[in-house]
Amino acid sequence: MGLQGLCRLMSRFNSYKRTNIILQHLKMSNHTDAAAEVLLERKGCAGVITLNRPRFLNTLTLGMIRQIYAQLKKWEQDPKTFLIIIKGAGEKAFCAGGDIRALSEARNTNQKMLQDLFREEYILNNAIDSCQKPYIALIHGITMGGGVGVSVHGQFRVATEKSVFAMPETAIGLFPDVGGGYFLPRLQGKLGYFLALTGFRLKGRDVYTAGIATHFVDFEKLGMLEEDLLALKSPSKENIADVLETYHAKSKTDQDKPFILEEHMDKINSWFSANTVEQIVDNLQQDGSSFALEQLKVIKKMSPTSLKITLRQLMEGSSKTLPEVLIMEYRLSQACMKGHDFHEGVRAARRSLLFFCPALVKPRPW
């Protein structure tokens, strides 16, 4: 073989080698991206969970749910872990919910995934509620659906001026699950019924005033709060509560601002005390005020089936334990997955871009 032939052979070999390196890098990158959907780290005295899909508002996947549950159980038994913190990556969202598009697409291709996701998500919700270690959710930014499930059942929930809470499931043919049948009817008066049926959004300090959050901290102080929590040495539940209360007391943002629904609460309590959706609609029509008619307009856009399911869910859940509610909600979820409204609701939401979950309206990165 001449010199030119040898050079050509070496060039091909180097090209082949480079291609292989690139392919290996891509495989490693894909694996890293998948593994990084949720970060599970030990920092100081705490186990820290970071929901790490900021591009998709940290929406939950089945893989994330499984990783969080397994690690939560390990930390719960670890004598060196004294508290657990959960937060979202980026500044826009704690967690905007579950991967609703994936659920809808699984209708005809993967029924088992539909069963597994709801079952394992609800098991995680219950594990958070019964966790033996103090559990602190930093619910900065959008907190909806599944994001509520991995926060509201914990002992401490910290909102900021940029927090946005909602359970918008009746708009997509579902119901406010993840234990919504337990915590919503236990909010003040009929506030939980109103939030569940209308999908009304609470923002900033109102998330605390409503009882969704246990503390309110200015966003710019959130990093300092986390550092102070991580710096605690063998802290007790009382030590942790003291740190949170100190930051809460120092926050003056919107401190004197009245609750957004304060002037309407008496009417909300009256309207939503009805035992049927039809009576609630009639109550709103008879009132005739601008606020009542605004809520009536919203309700009429919701899935009628979802409204009826949700009202019954809350009425039943008001006297049940959380495990009993989650069992009820699992059965309801499977019935909804077999029906028409949820899948049509997801399709309509994707088309109109009105639903918050970007996994519905943007192409996936894989």
Boolean, residue 177 is surrounded by 24 or more Cβ atoms within 10 Å (Cβ to Cβ), closer than 25 Å to residue 313 by Cβ and charged (D, E, K, R): yes
Test result for residue 77, at pLDDT below 95 and either surrounded by 10 or more Cβ atoms within 10 Å (Cβ to Cβ) or out of contact with any Asp or Glu (no Cβ under 6 Å at 6 or more places or on another chain) (or both): no
Failed item, numbered, when residue 204 is tested on (1) at pLDDT below 95; (2) on the phi > 0 side of the Ramachandran plot: (1)
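Suppose the filter is within 19 Å of residue 71 (Cα to Cα) and at pLDDT below 95; does residue 103 pass it? Give the steps one after another, and end with the answer.
Working: within 19 Å of residue 71 (Cα to Cα): no; at pLDDT below 95: yes.
No; evaluated as a whole, the condition is false for this residue.
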Selection from the stretch 220-240 of residues that are of a type outside the set (Asp, Glu) and open to solvent by less than 30 Å² (accessible area, probe 1.4 Å): 222, 225, 229, 235, 240
Given (1) under 19 Å from the mean Cα position of the chain (by Cα); (2) open to solvent by less than 20 Å² (accessible area, probe 1.4 Å); (3) of a type outside the set (Phe, Trp, Tyr), index of the condition residue 191 fails: (1)
Test: residue 55 is at pLDDT below 95, of a type in the set (D, E, K, R), open to solvent by 60 Å² or more (accessible area, probe 1.4 Å) and under 17 Å from residue 95 (Cβ atoms): yes
Residue pairs meeting the criteria (Cβ under 7 Å; at least 6 apart or on separate chains; first in contact (Cβ under 8 Å) with a residue 40 or more places away in the chain and surrounded by fewer than 24 Cβ atoms within 10 Å (Cβ to Cβ), in the stretch 125-150; second part of a helix (DSSP H, G or I) and aromatic (Phe, Trp, Tyr)): 127/69; 133/75; 140/219
Residue within the stretch 242-259 that is within 22 Å of residue 88 (Cβ to Cβ), more than 24 Å from the chain's Cα centre (by Cα) and aliphatic (A, V, I, L, M) present: yes
Meets criteria (modelled with pLDDT of 95 or more and within 21 Å of residue 139 (Cβ to Cβ)) for residue 71: yes
The stretch 131-149: number of residues that are assigned to a loop (DSSP other than H, G, I, E, B) and of a type in the set (Gly, Ala, Ser): 2
Of all residues in the stretch 286-303 being open to solvent by 90 Å² or more (accessible area, probe 1.4 Å) and assigned to a helix (DSSP H, G or I), the one that is nearest to residue 222 (Cα to Cα): 294
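Of all residues being touching a Phe, Trp or Tyr at 6+ places or on another chain (Cβ under 9 Å) and of a type in the set (A, V, I, L, M, F, W, C) in the stretch 152-166, which is surrounded by the most Cβ atoms within 10 Å (Cβ to Cβ)? Just the residue, please.
Looking at residues that are touching a Phe, Trp or Tyr at 6+ places or on another chain (Cβ under 9 Å) and of a type in the set (A, V, I, L, M, F, W, C), I get 159.
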Odd one out for residue 185 among (1) within 30 Å of residue 342 (Cβ to Cβ); (2) modelled with pLDDT of 95 or more; (3) touching a helix residue (DSSP H, G or I) at 6+ places or on another chain (Cβ under 7 Å); (4) surrounded by 22 or more Cβ atoms within 10 Å (Cβ to Cβ): (4)
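The values are calculated or read from the model by the stated rules, or taken from the named source; none is laboratory data. Here the structure is a predicted model, which is why all the values come from computation and not from measurement. Note that each Cβ is placed from the backbone with ideal geometry, even for glycine, and that neighbours are counted across all protein chains shown. Calculation scope for accessible area: heavy atoms of the full protein, side chains included, ligands and nucleic acids excluded. Shrake-Rupley method; radii C 1.70, N 1.55, O 1.52, S 1.80 Å.
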